[in-house]
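Asker: Pasting a structure here, questions to come.
The values are calculated or read from the model by the stated rules, or taken from the named source; none is laboratory data. Bear in mind that the values here come from a model prediction, so they are computed numbers and not experimental data. Here the Cβ positions follow ideal geometry from the backbone for every residue, glycine too, while neighbour counts run over all protein chains shown.
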Amino acid sequence: MALDPAVAILAVLSGAVVGLLLAVFGGGGSVLATPALLYVVGLGDTHLAIGTSAAAVAVNAAINLAGHARGGRVKWPCASVFAAAGLAGTLAGSSLAKQVDGQALLAFFALAMAAIAVSMMRRPRDAGDPHVHISWRLTLRLAPISLITGFAAGFFGIGGGFLIVPGLMAATGMTLANAAASSLLSVALFGAATSANYAISGLVVWPVAGLFVLGGAAGGAVGLKLAGLLAQRQLMARRLFASLVLVVAAYVAWKGLTG
């Protein structure tokens, strides 16, 4: 596709919005990347949009992860186990998705978006333990959840944070803020694996991905500041964002079913 100035500006602005959401909400914020590339930037092809968004989201997640790490919110041992265990699932999911028709993939993607929105609206059962530590028991609980999450992340070309965050909380009992920050390690790794798989088939538009990352870095810087301000009101903010995701999911489903 021609990378004219209008397309370049839209890619940067879209990346800024997604980068901000990633910083505030963890991996769940990446769910709008593919719709933005399809309907705002205008990539047109579903597989190209998924491959390109995976590459951009991986880099943006890594940038935001560094910011959360400086704030001391990342639980590295738990995050590392989750990320490593889910890698095989990501490669399997992305390989399968490349074989699925683009319109059908959009319909599946819309269902995933709706599931993300519902999961983000749920209130955690308790505040969580801010001092959680990894153990063999936690490792055995994290690994199977991560494998499933990695598959979903690869198949839908999303970070998978909508499963990673509740998965980390359920398996370890960590707080929502810690889970959102720790999820970014998996988002970065799963996105990198997915984009590499798509790139092998020539399904990544690298100039657009680069501009998306550029915008995402700026949006992420703002999002990191917002994340601190919203720490005590994160559930309300997540529910507002989830409502937006539901609206976009309905639009994506309509486009997927009508072509």
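Asker: Quickly run through region 39-58 and pick out the residues that are part of a helix (DSSP H, G or I) and either of a type in the set (S, T, N, Q) or surrounded by fewer than 23 Cβ atoms within 10 Å (Cβ to Cβ) (or both). Even if it seems obvious, please write down each step before you answer.
Answerer: Narrowing region 39-58 to residues part of a helix (DSSP H, G or I): 39-41, 46-58.
Of everything in region 39-58, those that are part of a helix (DSSP H, G or I) and either of a type in the set (S, T, N, Q) or surrounded by fewer than 23 Cβ atoms within 10 Å (Cβ to Cβ) (or both) turn out to be Tyr39, Val40, Thr46, His47, Leu48, Thr52, Ser53.
Asker: Checking the condition of a type in the set (Ser, Thr, Tyr), modelled with pLDDT under 90 and in contact with a Gly (Cβ under 6 Å, 6 or more places away or on another chain), which residue from Ser243, Ser183 passes?
Answerer: Sole residue among the options that is of a type in the set (Ser, Thr, Tyr), modelled with pLDDT under 90 and in contact with a Gly (Cβ under 6 Å, 6 or more places away or on another chain): Ser183.
Asker: Further question: In this structure, is Ile148 under 19 Å from Leu96 (Cα atoms) and either more than 16 Å from the chain's Cα centre (by Cα) or outside any helix (DSSP H, G or I) (or both)? Write out each step before concluding.
Answerer: Values: under 19 Å from Leu96 (Cα atoms): yes; either more than 16 Å from the chain's Cα centre (by Cα) or outside any helix (DSSP H, G or I) (or both): no.
It is false that Ile148 is under 19 Å from Leu96 (Cα atoms) and either more than 16 Å from the chain's Cα centre (by Cα) or outside any helix (DSSP H, G or I) (or both).
Per-residue answers, yes or no, for (1) part of a helix (DSSP H, G or I); (2) modelled with pLDDT of 75 or more; (3) closer than 27 Å to Ala85 by Cα:
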{"position": "Leu189", "(1), (2), (3)": "yes, yes, yes"}
{"position": "Val208", "(1), (2), (3)": "yes, yes, no"}
{"position": "Gly215", "(1), (2), (3)": "yes, yes, no"}
{"position": "Gly220", "(1), (2), (3)": "yes, yes, yes"}
{"position": "Met236", "(1), (2), (3)": "yes, no, no"}
{"position": "Tyr251", "(1), (2), (3)": "yes, yes, no"}
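Asker: Residues being in a helix (DSSP H, G or I) and closer than 20 Å to Ala66 by Cα: count how many of those fall in region 163-187. Let's see the steps before the verdict.
Answerer: First, the residues of region 163-187 that are in a helix (DSSP H, G or I): 163-172, 176-187.
With closer than 20 Å to Ala66 by Cα added as a condition, the list becomes 164-165, 168, 176-187.
Matching residues across region 163-187 total 15.
Asker: For region 164-185, how many residues are within 19 Å of Ala242 (Cα to Cα) and in contact (Cβ under 8 Å) with a residue 60 or more places away in the chain? Walk me through how you get there before you give the answer.
Answerer: As a first pass, look at region 164-185 and keep what is within 19 Å of Ala242 (Cα to Cα): 164-167, 169, 176-177, 179-181, 183-184.
Remaining after also requiring in contact (Cβ under 8 Å) with a residue 60 or more places away in the chain: 164-165, 167, 177, 179-181, 183-184.
Within region 164-185, residues that are within 19 Å of Ala242 (Cα to Cα) and in contact (Cβ under 8 Å) with a residue 60 or more places away in the chain number 9.
Asker: Another question, then. Picking from Leu203, Leu224, which residue would you name as being out of contact with any strand residue (DSSP E or B) (no Cβ under 8 Å at 6 or more places or on another chain) and not in a helix (DSSP H, G or I)? Can you show your working first?
Answerer: Numbers: Leu224 fails: not in a helix (DSSP H, G or I).
Of Leu203, Leu224, the one residue that is out of contact with any strand residue (DSSP E or B) (no Cβ under 8 Å at 6 or more places or on another chain) and not in a helix (DSSP H, G or I) is Leu203.
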